[in-house]
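Structure, as C-alpha cells:
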C-alpha cells in the first residue's frame, strides 16, 4: 500500500520550487516524461538532464497515438534554468523509485499538478468543477457502445466524468488550441483511457452535416462571453451534432434562458422546446466555479427528438452554499447533487411522481406553461408564482461587477502576500 497523499504533497512543493514562464508548456513537457515512465519507455535514473529534451521529442514522434497531435512548441525543456531541471529530475526520480505501480503514480502526480496549476491560476482553462462534471455525466447516463463528444474539451474533465460513469464508451475531444488538446490527451491516458480521439479544430467549422460524425451524447461547457447570442450559436451547433435521439448536457449562462429582447434567442428556445426536447434545467450556485469565476448559469439537458404529448420539463435549483469562503469547495454541493440526479433518473424512467417532489428541490412545467412565459427556461420561473425575468443589460452589468471584484481581490491578495514576504526578508 503506497501513500499517494505524500506524492500529491511532493508534487505541489515541487511546482512551487521551479521557475517557468509558460505554465502550459511546463506541464506539457512534464507530461511527456510521465507518459514515458508510465509506459516504461524511460528510466529517469539513466538520463542526464541534457537528454530530457531529445528523449521527450522521441517519445512524442514515435508514439502512434501521440504523434497524431503536433507538439505546439519548438523544443521541450528549452526555457528552464538548471535549478528547475534539477528539481524535475529529483521529483521524477522520487516518483519512479518509490512507487512501483507507475501507472497509478504518474496519474496521481499529473492530476495533482494539473489541479494545483489551475487553482493557482498558473494555467487558464474553462474549468468545470469535478462534482459538476460528475453530475452532468450521471444525468446523461452514457450507455455501452455510445460515442461521446466534448466540443470544447479543455483538459478533458467532462470526458473523464463520462468514462467514470461507463467505461464501455468511445470519447472524442475537440479543441482549437493544440496545447490544451495535448494536455487532454495525457489527462485521459494517465487516467486509464487509452482509446480517446482528439481533433484539433474549431467547433464552428466541424462538419456536423456528415452523419458519420454525429454523436450519441455531448457534454459541453462552452467558452461563452456573457452573451445570449453567442451561447445560442453554440447550443444550436451542439444539438445539430447529435444523432437522432441523441442527448446533450450544456452549461449555459442564465441570460440565455431568460433573455427576451432578442427574438432570435427566444425563437431558439422555442426550437429547443418544440422541435427537439428540453428534458431538464438545473440552476447552479454562483460560487460553484470558484476560485476561477462566479457566474449565474444552468445545466440544460436536451434530446434530439420532438417532445411527446403532455411533455414535462424537470426543473431544479442547486442551493447556494451558505458557509464561509474558508469552508467552501465544490464538494459541499455533492449531497444535493446526488438528490437531484436520483430524482431526475426516477423522473426520466417513469415520469412525474408527486412523492419525489415534496421537498421543494425539484418541480416541473409543461410546454403550455413555458410558452406562456416567452419560452423562458430559468428554473425559478416555474417555482414561484411571481417571477420576473432579469433584463439582459442589468444581468450582464451585475456579472461584470462580480468578476471585477474577484480580479481586484486577487490583486489585493497578491500585494498583501508580497508585502508579507518583503517584511519577512527585512526582519
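Simple spin-label estimate for residue 195 and residue 100 gives 3.0 nm between the two label positions (7 Å along the Cα-to-Cβ direction from each Cα).
What full-extension length gain, to one decimal in nm, is calculated for residue 329 and residue 75 as 0.36 nm per residue of separation minus the Cα-Cα distance? Provide the component values of the computation, followed by the final result.
Values: separation 254, 0.36 × 254 = 91.44 nm, distance 3.75 nm.
Length gained between residue 329 and residue 75: 87.7 nm.
From helices alone, the chain scores -14500 deg cm²/dmol at 222 nm; the rule is -39500 (n - 2.57) for each run of n ≥ 4 DSSP H residues, then divide by the residue total.
Restricting the calculation to Cα atoms, the range 4-119 shows an Rg/Rh of 0.92 when the hydrodynamic-style radius is the Kirkwood one.
Which length gain, in nm to one decimal place, applies between residue 271 and residue 213 when the Cα-Cα distance is subtracted from 0.36 nm times their residue separation? Mind dumping the intermediate values first?
Values: separation 58, 0.36 × 58 = 20.88 nm, distance 2.25 nm.
Gain in length upon complete extension: 18.6 nm.
The gain in end-to-end length when the residue 45 to residue 176 segment is fully stretched comes to 43.5 nm, 0.36 nm per residue minus the alpha carbon separation. Between residue 412 and residue 82, the distance separating the two model label sites (each 7 Å from Cα on the Cα→Cβ line) works out to 4.5 nm. A Förster radius of 35 Å, combined with the Cβ-Cβ distance separating residue 339 from residue 144, puts the computed FRET efficiency at roughly 0.85.
Using only Cα atoms and rounding to the nearest 10 degrees, what angle (0 to 90) does helix 392-426 make with the longest principal axis of the chain? On a 0 to 90 degree scale, this one is about 20.
I'd like to compare 228-236, 30-38: which one has the highest average count of other Cβ atoms within 10 Å, and what's the full order after that?
Details: 228-236: 19.6, 30-38: 23.3.
So the peptides 228-236, 30-38, ranked by packing, come out 30-38, 228-236.
For the chain, find the longest principal axis of its Cα atoms and tell me its angle to the long axis of helix 130-140, 0 to 90°, nearest 10. The angle comes out at about 50 degrees.
Between 0 and 90 degrees, rounded to the nearest ten: what's the tilt of helix 52-62 against the longest Cα principal axis of the chain? Helix 52-62 sits roughly 50 degrees off the main axis of the chain.
Need one number for the range 76-186: average projected area of the convex hull over its C-alpha atoms, nm². Let's see the in-between values first.
Numbers: hull surface 33.6 nm².
If you wrap the Cα atoms of the range 76-186 in a convex hull and average its projections, you get 8.4 nm².
DSSP beta bridges in the chain, what fraction antiparallel, as a percent rounded to 5?
Numbers: 18 of 37 bridges.
Here the antiparallel bridges make up roughly 50 percent for the chain.
Measuring nothing but how far apart in sequence close Cα pairs (under 8 Å, 6+ apart) lie, relative to its length, the range 4-119 scores a relative contact order of 47 percent.
Read-outs throughout are calculated quantities, based only on the coordinates presented, and are distinct from any laboratory measurement. The structure displayed is predicted, hence computed values, not measured ones. All Cβ positions, even for glycine, are placed from backbone atoms using ideal geometry, and neighbour counts span all protein chains on display.
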